[in-house]
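These notes are about the structure you will find just below.
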Amino acid sequence: MIRSQLSAVLLATATGAALLVAAPTASAAPTHRCYDRMACFYYNSNQQGALATIGDGGYNLDAQVFKPGSGPGAGQKLEDQAASWDSRTRSTAYCVHRDRWWKGPFNSLKPQARKNLTSALKNKNSSTNWYPRHEGGGGH
């Protein structure tokens, strides 16, 4: 009897420990789709709809597309179609510009933050980059 009770306790303890190890942390995937050191753009407001991920560096968005199967807007070009974004960078701000080659009005997003694009850039976004001086809204 004691032996079967001990086995049941050990099984419950092992199961609980396995669940704790497997559980993702909130900082690893705040939107459940955008991960560490990425910037992610979403087709709809509030980090909804299709997803497009951007890695390190600056990009013109004309060749980027929303990932197939990731929601409304999937497969469409990213340029001039994003409504919200998410930054999983660790120490630098991420910037999106209205025009290609990092020109025109821009919106910055601090590390580990997410928000809707401003009305000046919602569905009017053509290039991106990260740059520490943008964190406070400053220029290049």
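Every number here is computed from the coordinates shown, using simple stated rules; none is lab data. These numbers come from a predicted model, not from an experiment. Reconstructed Cβ throughout: ideal geometry from the backbone, glycine too, with neighbour counts over all protein chains shown.
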Which of the lysines could a cross-linker bridge to LYS77, judged by Cα under 16 Å and excluding same-chain residues fewer than eight apart? LYS67, LYS122, LYS124
What nm distance separates the two modelled labels at ASP80 and ASP36, each placed 7 Å from Cα along Cα→Cβ? 3.8
Please turn the phi angles of the stretch 33-45 into ³J(HN,Hα) values with the Karplus equation 6.51 cos²θ - 1.76 cosθ + 1.60 (θ = phi - 60°), one per residue in order, whole Hz, x for glycine and proline. 9, 10, 10, 3, 6, 10, 10, 10, 10, 10, 5, 10, 5
Provide the packing ranking of 83-95, 34-46, 66-78, i.e. peptides ordered by the mean count of other C-beta atoms within 10 Å per residue, highest first. 83-95, 34-46, 66-78
